[in-house]
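Heads up: the structure comes next, in structure tokens.
The values are calculated or read from the model by the stated rules, or taken from the named source; none is laboratory data. This structure is a prediction, so every number in the text was calculated from the model and none was measured. For neighbour counting, all protein chains shown are included, and Cβ atoms are generated from backbone atoms with ideal geometry for every residue, glycine included. Calculation scope for accessible area: heavy atoms of the full protein, side chains included, ligands and nucleic acids excluded. Shrake-Rupley method; radii C 1.70, N 1.55, O 1.52, S 1.80 Å.
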Amino acid sequence: MAGVQVSNVSRSFGAHKALDDVSIDFADGGFYALLGPSGSGKTTLLRQIAGFDFPDSGRIAIGGEGVERVPVEKRRIGMVFQNYALFPNMSVADNVAFGLSVRGEAKAVIASEVQRALDLVQLGKLGGRRPHQLSGGQRQRVALARAIVTKPRVLLLDEPLGALDKALRVDMQIELKRIQREIGITTIFVTHDQEEALTMSDRIGILRDGRLVQEGPPEEIYDRPKSEFAATFLGDANILRGDTTGTGIRLADGTAIAAEAGATLAAGAKASCAVRPERIRIAADAGSPDQANGNVLRGQVSKRIFAGNNSTYFVERDGQTLKVIVQNTGIDRLAEGQQVVLRWSPESTVLIAAS
Amino acid sequence: MAAQGATASRSGLKSALPLLLPAYLWLTVAIFLPLSAMVFFSFMTELPLSGKPWAFTFGNYAAFFSQSLYLTLLWASLRLGLEVTLWCIVIGYPAAYVLAKVLKGRSREAIFLLVILPFWSNGLVRIFSWAMVLREGGILDTALNAVLPFKINIDLMYSYPAVIIGLVHSYVPYMVLTCYLTLQAIDDSLIEAGRSLGASRLQMLKRVIIPLSMPGLVAGAVLIFVPVVGSFMEPRILGGRTGTFYGTVIEDQFVAVFNWPLGAALSFILLAVVLVILALAAPMLRRAA
Ligand SMILES: Nc1ncnc2c1ncn2[C@@H]1O[C@H](COP(=O)(O)OP(=O)(O)O)[C@@H](O)[C@H]1O
Ligand SMILES: [Mg+2]
């Protein structure tokens, strides 16, 4: 097992820069999610790490050893594909055995390792089946067993759960996480599903147009997004735009918004503040005076979506719609059309330089 | 449930009958009737149409067994079929692989066209062009002597290799097409998965790609072997005196000797032998496919 260092990697296809100077450090034994919209370069980055494709410039090291010109056969990585890519002409056991048998391992060793890998993914009894006799979730487990049975240094997964339905996907997320913990393998997981990235990984890297936008633990990216894109792509965020005051911004109508976290900016520059919908408290506007500390905005409820345990309010103010999510701890609900006050603390507010 | 299914499929057949009828009529008129006539002729002493008195006989079939010549020629033709099929695999499979898995876009279309080209040219033209290439003082001879510092004589005309070359050229497109179709259907991610597991290209070929393209290889082999065993045009034109095969003997009976009954009998013996060979090979072929 080993960590992976990607340093200043760029890769172009014709004039299109699929990866633009990307550097990430994947710690040994960590579970890493690469998150980004379609076409952002996630697969391209994974293929550079796997060795299916070579970077135009930059370095890739696995376990401290530079591998950027080493082909995939020699990199000792395990790869799980979105479409499973099981060999249809072989049984489940032969699929799992493939990596060991091309290496010329002894038959007895192969048999016991294969059984162990199948047991690990809870398919111990299905070794004799053909891939087409399995369900989607089972095939994905076989693909996983096949990838880890050779004890690779890194496990790479390209949207492995994308083809599964929602319930099965949640099962597989838990399962994958359990297996990863059990064998402690460095895992790089590509997904475009932000919830999947948040729940599963130790660290997340967000890609956009071939660039690494932000990288860090899920909580850090969620609480301290460094760009409007990161704030809105990972979770939901209200973005308020104005001129920076140094510790916050002043909106067009003169209202000041205070922020405790985020970029340090020269006063007067364009900037925005991001705040998560669940961090905002909402109440009927009784016309009472504002308290000294905390951010306050007034508006009108334009729409309410009731979802049982929570409600989402859309609040119109000064031509902008703000989103507020409230846990339904009581039954006092606000009606559409009602005048409301929104309050939230500066520490829940992130100052972001204008992009 | 089962009875219901049976009636459903029967009524399905009934409604499909008007659609199938033209095809069956055509098959009856174009293939079944002439073939039955040939079966009938093969048991005659003389062709009934010739006006001579004729009688029923097994003599035409007996002739095959009474002369070792026919058996020798049949054996030679089977060997020819096998050799041509093998050469078509050796040449056609790699070509199909390159077409399906290596080339992309316009270059694939261009090469594909080159492969299909023999299909579009008249068979006789094709064979006579080979005659021009292979004979002494022909294109191959002249070209090689122009390049090589020493004098060599290339005269492949009227030889076994010439027959093989002509037949392989005629039939290799079948192998390329059938293999191309099965190779095309193999997902590239299978090959990538194999490589990520540490398999070399040769190991991938042996364990994944060839097994998965078996149906195409088998279909191509059958499509080539059967007509080559009965071929007569290439052996006659390119083989000359060495080009006497089972197929040329049958052709002689029809166009030179006018012994249609014997020609028909020899054809049906060939048909029977080929069917027996395919039947014997079927379990193996089915497992491979
Ligand atoms: N082999 C290739 N040839 C040309 N363009 C490619 C190739 N692979 C990827 N691209 C382009 O690079 C960009 C990033 O692709 P990809 O890494 O697959 O995105 P993602 O996996 O994030 O959806 C896309 O615009 C895609 O069209
Ligand atoms: Mg992708």
Using a 1.4 Å probe and counting only protein heavy atoms, arrange A:R304, A:R116 so the residue with the most accessible area comes first.
A:R116, A:R304
Calculate, for B:F32 and B:R79, the FRET efficiency according to 1/(1 + (r/R0)^6) with r their C-beta to C-beta distance and R0 45 Å; round to the nearest 0.05.
0.90
Cross-link reach from A:K107 to aspartates and glutamates, straight Cα distance under 19 Å and at least 8 residues apart if same chain, gives A:D94, A:D119
Any idea what the relative contact order of the stretch A:1-129 is, in percent, if you count C-alpha pairs under 8 Å spaced at least 6 apart?
21
Candidates A:A106, A:A50, A:A230, ranked by Gaussian network fluctuation over chain A, Cα under 10 Å, top entry:
A:A106
Using a Gaussian network model on chain B with a 10 Å cutoff between Cα atoms, which of B:I186, B:I165, B:I127 fluctuates the most?
B:I186
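Is the C-alpha gyration tensor of chain B telling us rounded, prolate or oblate? Criteria: a/c under 1.5 is rounded; beyond that, a/b larger than b/c is prolate, otherwise oblate.
Numbers: a/c = 2.11, a/b = 1.10, b/c = 1.92.
Note, shape of chain B comes out oblate.
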Shape metrics for the protein assembly as shown, restricted to C-alpha atoms - Rg then Dmax, Å
37.4, 127
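Heavy atoms only, probe 1.4 Å: what % of the accessible area of chain A goes to carbon and sulfur, would you let me know?
Values: 7760 of 15870 Å².
Percent of accessible area from carbon and sulfur atoms in chain A: 49.
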Taking the Cα-to-Cβ direction at B:A23 and at A:Q320 and moving 7 Å from each Cα, how far apart do the two end points lie in nm?
6.8
For a label point 7 Å along the Cα-to-beta-carbon line of B:W120, residues of the stretch B:152-178 with backbone N under 17 Å
B:170, B:173-174, B:177
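Rounded to the nearest 500, what is chain A's calculated 222 nm mean residue ellipticity when only DSSP H runs of at least 4 contribute -39500 (n - 2.57) each, over all residues? Spell out each step's value before the answer.
On the way: 8 runs with 83 residues, N = 355.
Estimated from H runs of four or more residues: -7000 deg cm²/dmol.
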Please give the FRET efficiency for A:A263 paired with B:L205, using the beta carbon to beta carbon distance and R0 = 51 Å, rounded to the nearest 0.05.
0.35
For the stretch A:206-223, in order, what is each residue's ³J(HN,Hα) by Karplus, 6.51 cos²θ - 1.76 cosθ + 1.60 with θ = phi - 60°, in whole Hz (x at glycine and Pro)?
9, 10, 8, 6, x, 10, 7, 7, 7, 8, x, x, x, 4, 5, 5, 5, 7
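How much net charge surrounds A:L19 when only the other residues with a Cβ under 14 Å from the Cβ of A:L19 are counted, with Lys and Arg +1 and Asp and Glu -1?
So the environment of A:L19 carries a net charge of +1.
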Between A:I174 and A:K107, with labels modelled 7 Å along Cα→Cβ, what's the label distance in nm to one decimal, could you check?
4.1
Check cross-link reach from A:K166 to the lysines: straight Cα distance under 17 Å, and skip same-chain residues fewer than eight apart.
A:K177
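Ignoring ligands, DNA and RNA, what accessible area per residue does chain B give at 1.4 Å, in Å²?
Per residue, chain B has 57 Å² of solvent-accessible surface.
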When all protein chains stay in place, what accessible area (Å², nearest 10, 1.4 Å probe) is found for A:S101?
30
Show which lysines lie in cross-link reach of A:K42 when reach means a straight Cα distance below 19 angstrom and same-chain residues fewer than eight apart are skipped.
A:K17
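Given R₀ = 30 Å, what would the calculated FRET efficiency be for A:D253 paired with A:S38, taking r from the Cβ atoms and rounding to 0.05?
Numbers: r = 38 Å, r/R0 = 1.25.
After rounding to 0.05, the efficiency reads 0.20.
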The simple spin-label model distance between A:D21 and B:L280, using points 7 Å out along Cα→Cβ, in nm, is 7.3
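Whenever you get a sec, line up A:R153, A:R69 from highest to lowest accessible area (probe 1.4 Å, protein heavy atoms).
A:R69, A:R153
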Provide the solvent-accessible area of B:V274, counting protein heavy atoms only and rolling a 1.4 Å probe, rounded to the nearest 10 Å².
10
